[in-house]
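This report concerns only the one structure given below.
The values are calculated or read from the model by the stated rules, or taken from the named source; none is laboratory data. On a predicted model such as this, the values are computed, not experimentally measured, just so you know. We place every Cβ from the backbone using ideal geometry, glycine too, and count neighbours over all the protein chains shown.
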Amino acid sequence: MTTHKDEIAAILKEHLRGFRYDMETREVGVVAEVGDGIAHVYGLDRVMFSEITTFGDDVYGLVLNLEEESVGVALFGDTERVKEGDEVRRTGRVLETPVGEAFLGRVVDPLGRPLDGNGPIAATGRRTTDAKAPGVIDRQPVDTPLQTGLKAIDAMTPIGRGQRELIIGDRRTGKTAIALDTIINQKGKGVYCVYVAIGQKASTVARIVDTLVRHDALSYTIVVAADAHSPTPMQYLAPYAGCAMAEYFMHRGEDAFIVYDDLSKHAVAYREIALLLRRPPGREAYPGDIFYTHSRLLERAARLADRPGEGGSGEEMPEFENGHAVTLPRGVHGGSLTAFPIIETKAGDITSYIPTNVISITDGQIYLETNLFNQGVRPAINVGYSVSRVGGAAQIRAMSQIAGELRLELSQYRELEAFAEFSSDLDEESKAQLARGDRLMQVLGQGQYQPMPVEDQVLSLYVAVKNHLADVAVSAVRRFEEEWLRYLHEKREDLVRELREAKELTPEFRSKLELAVSEFKKRFGA
Amino acid sequence: MRSRDVARKIAEDLYALAAAEKTTDALERELRQIAASTDETSRSEGRAAQLVKTAFPDASDGFRHLMGLLVRDLVLGEFLSVRAEAEGIARVRVVTAQPLSGDERKHLTEKLEHALKVRVKLEENVDPAVLAGARIEIEGRTLDGTLKARLDQLHRTLGQSGEA
């Protein structure tokens, strides 16, 4: 018994080593009003914007409104316990998010607390949740591709590491599917992924996590979930928290990829908070700073400049001051953060308030259409409205050689297609053009969760662009493509390897490929 | 409008009237009498409304609201703060486990007046839960030198090292 007591005393002494008691000085206020996850607090005269305040032990508040007599605070945690007259304490700290590798493979809430029941997470450090975006000097142009594994995107709207590409479309057009395919395609490519679910059904989040697990993609992914039943402030916070977790990798000189699914719901959550805080409503009742809310988030996606110089094992951590990396270790490759914000439109209207805001912030958009989806086109991308403003520079040469011809063919096809709807009497040349276009559209199609390496994409598109499909029925194009790739991998792996290494379609390579195509077509016909 | 904002307006008007008639002390005494007649439990919004409804079943909403503010001590609180502001006095709330002795009171007042460079009016509260020491609350700042705060801090330190 004595030993037991001694042991306890020893443990307590160990824990208390270095404990110093100072008279506690704290700044406090009083809750004047509370409801809907928002508290109005009197006092707290010196409180900062975005400072964290505490309401008892487990409830935290984020200061969002500084008024003459009171402050407006968004509450996190067990908000039902907060009542009028409660004491509110300042902490003197702005909101921070725990970050680190330990979060990979985990599902967490925006405060970094685990939601997957797999025990506590040991964070490496903390970063300011609403951190400032890197400045001009810290950046360099986008130059490395981020392969989505989808032919229609990698060929027509290529994405570079550090780019912000919007995925926009009505409900059930496959927006999340594109994001998930991109995450799945990063396997083994050294890109850490963060998926932020904002205001989604918990069942949807569970399904997404399950998909990632089944495709072995959760091990390099963090899922930050603030689903529909989470308090509104949590939904507001989720993308900033996810971004802080992804920035940790970027500032270490690695590549990260983040999906915000979706920012329409984020805008709605922020509108709710702003109205409860009694901020004046603007267009569609959104607050005046809704543009800044999204622009400061998306600005944090960047391709950081390399840090030339001596030293730097690549394992050094940047020095942080208030959560900002102030000095990056030298001799480190500049990391990147690529962002896929998602916006849901109503009845295909991309000209409403939030869609136009986010379109103008991002470096391009992938526009998905219900009509195409219903016609069975997967992914249902409208290649006419979809653009990538910076990704072209990051495309590998072989793909840009093919994509140039593809783009021209498709634009002619679209023009003719619209014309052909009114006229059945077409000349032979136009008919041939339409037939080529139909086959191209087939080749651009791709099933879900089947991302493709870029060399396979080039080889697939090559046969379509070079009109080798003219004598293949439209319904047989997908089978042709599958067998063509299988043939190449089984019989002509040398060609695939050559393309993977050279990343270019040289005239010699083209002639070798032509020979291989005619050889394959003989087999296919037979 | 929030209850406290209404109470503030009433307190400002009451103070202006009382100051003109030089009856601020009497008014403060009367407001304190109302406060003394209610206990802690009746100061919650719902409970106060219920009490007023029972006492004045036929009164108008406005009157009931006013009585509610009085029962909840909001008018007294705002009156004291308006008066302190107008008279250049700092209101300092001191919470101790035992009542302060005359010497302690004098010593504390002098120290606070020296530190704050204004006249200080002590409002003493006895709360056995603080165990020992004193907690001093000055306009949104709390200086906590109680044994309870010390134990709470110890508890937090042990909790954190336990988690780690």
For the stretch A:25-34, state whether one or more residues are under 30 Å from A:Ala256 (Cβ atoms) and at pLDDT below 90. no
Is the stretch A:48-59 home to any residue that is within 9 Å of chain B (Cβ to nearest Cβ) and touching a helix residue (DSSP H, G or I) at 6+ places or on another chain (Cβ under 7 Å)? no
Based on what the data block shows, is A:Ala102 within 12 Å of chain B (Cβ to nearest Cβ), touching a residue at least 12 places away in the same chain (Cβ under 8 Å) and either over 30 Å from A:Val213 (Cβ atoms) or surrounded by fewer than 19 Cβ atoms within 10 Å (Cβ to Cβ) (or both)? no
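One line per residue, one yes/no per condition, for (1) more than 28 Å from the chain's Cα centre (by Cα); (2) of a type in the set (Ser, Thr, Tyr):
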position: A:Arg407; (1), (2): no, no
position: A:Ser430; (1), (2): yes, yes
position: A:Val458; (1), (2): no, no
position: A:Val463; (1), (2): yes, no
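Scan the stretch B:4-11 and tell me whether some residue there is without any contact (Cβ under 8 Å) to a residue 40 or more places away in the chain, in a helix (DSSP H, G or I) and more than 29 Å from A:Leu277 (Cβ to Cβ).
Let us first name the residues in the stretch B:4-11 that are without any contact (Cβ under 8 Å) to a residue 40 or more places away in the chain, namely B:5, B:9.
From what's left, in a helix (DSSP H, G or I): B:5, B:9.
Add one more test, that the residue is more than 29 Å from A:Leu277 (Cβ to Cβ), and what stays is none.
No: zero hits.
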Applying the selection to the stretch A:183-223, what residues are among the charged types (D, E, K, R) and within 25 Å of A:Glu344 (Cα to Cα)? A:Lys201, A:Arg207, A:Asp210
For a quick check of your reading: which strands (runs of 3 or more DSSP E) sit entirely within the stretch A:185-301 and have at least 1 residues that are hydrophobic (A, V, I, L, M, F, W, C) and touching a Cys at 6+ places or on another chain (Cβ under 6 Å)? A:255-261
Restricting attention to the stretch A:70-99, and to residues there that are over 21 Å from A:Asp36 (Cα atoms) and within 14 Å of chain B (Cβ to nearest Cβ), which single residue is surrounded by the fewest Cβ atoms within 10 Å (Cβ to Cβ)? A:Gly92
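Here are some residues: B:Ala48, B:Ala35. Which one is within 14 Å of chain A (Cβ to nearest Cβ), touching a Leu at 6+ places or on another chain (Cβ under 9 Å), free of Cβ contacts under 8 Å to residues at least 60 places away in the same chain and of a type outside the set (S, T, N, Q)? Can you show your working first?
On the way: B:Ala35 fails: within 14 Å of chain A (Cβ to nearest Cβ).
Within the list B:Ala48, B:Ala35, the selection yields B:Ala48.
For the condition part of a helix (DSSP H, G or I), modelled with pLDDT of 85 or more, touching a Lys or Arg at 6+ places or on another chain (Cβ under 9 Å) and among the aliphatic types (A, V, I, L, M), what is the one hit in B:Leu31, B:Leu80?
B:Leu80
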Counting just the residues of the stretch B:123-142 that are in a strand (DSSP E or B) and surrounded by 17 or more Cβ atoms within 10 Å (Cβ to Cβ), which one comes out nearest to the other protein chains (Cβ to nearest Cβ)? B:Thr142
Subset of the stretch A:264-290 [surrounded by fewer than 19 Cβ atoms within 10 Å (Cβ to Cβ) and closer than 30 Å to A:Pro141 by Cβ]: A:Asp289
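To keep it simple, each residue is scored yes or no on (1) touching a residue at least 24 places away in the same chain (Cβ under 8 Å); (2) β-branched (Val, Ile, Thr); (3) surrounded by fewer than 19 Cβ atoms within 10 Å (Cβ to Cβ).
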residue: A:Asp427; (1), (2), (3): no, no, yes
residue: A:Gln442; (1), (2), (3): yes, no, no
residue: A:Leu461; (1), (2), (3): yes, no, no
residue: A:Asn467; (1), (2), (3): yes, no, yes
residue: A:Ala470; (1), (2), (3): yes, no, yes
residue: A:Glu483; (1), (2), (3): yes, no, yes
Residue match in the stretch B:68-77 (condition: of a type in the set (A, V, I, L, M, F, W, C), on the phi < 0 side of the Ramachandran plot and in contact with a strand residue (DSSP E or B) (Cβ under 9 Å, 6 or more places away or on another chain)): no
Among (1) surrounded by 12 or more Cβ atoms within 10 Å (Cβ to Cβ); (2) of a type outside the set (A, V, I, L, M); (3) part of a loop (DSSP other than H, G, I, E, B), B:Gln98 falls short only on (1)
